[in-house]
């Protein structure tokens, strides 16, 4: 069986602390999740609804669990994590896909 652990991949991940009404507390928990992503050393781009992380498939799958658990450990009663995962040779980077739009201010 082929090993896919090192396959180039991109993960779009959105973590939602549930059962919390204080917006500041929600944002703080999301900040902690982003700090966990930052700690991996992987390239990532934060967006208003999700963060896109690029790296080997195995590391991204581990990261998804870490991010989810980080928000639970921060005190969220429940957490919903939404993910989109793309893997394969030649998928391109986030920078390649967005640089023409960033260059014109978007």
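The values are calculated or read from the model by the stated rules, or taken from the named source; none is laboratory data. Treat the numbers as computed from the prediction; the structure is a model and nothing was measured. Neighbour counts are summed over all protein chains in view; Cβ atoms, including those assigned to glycine, are modelled from backbone coordinates with ideal geometry.
For this structure, a couple of remarks:
- All positions within segment 55-72 that are in contact (Cβ under 8 Å) with a residue 12 or more places away in the chain, over 11 Å from the mean Cα position of the chain (by Cα) and not in a strand (DSSP E or B): 57, 58, 59, 70, 71
- Residues of segment 76-89 satisfying the condition of being within 18 Å of residue 5 (Cβ to Cβ) and over 17 Å from the mean Cα position of the chain (by Cα): 88, 89
- All of 70, 40, 51 fail the test of being at pLDDT 95 or above and surrounded by fewer than 17 Cβ atoms within 10 Å (Cβ to Cβ), apart from 40.
- Within segment 6-34, residues that are at negative phi and in a strand (DSSP E or B) have Cβ atoms under 9 Å from residues that are modelled with pLDDT under 95 and loosely packed, with under 11 Cβ neighbours inside 10 Å in these pairs: 8/89; 8/90, counting only partners at least 6 apart in sequence or on another chain.
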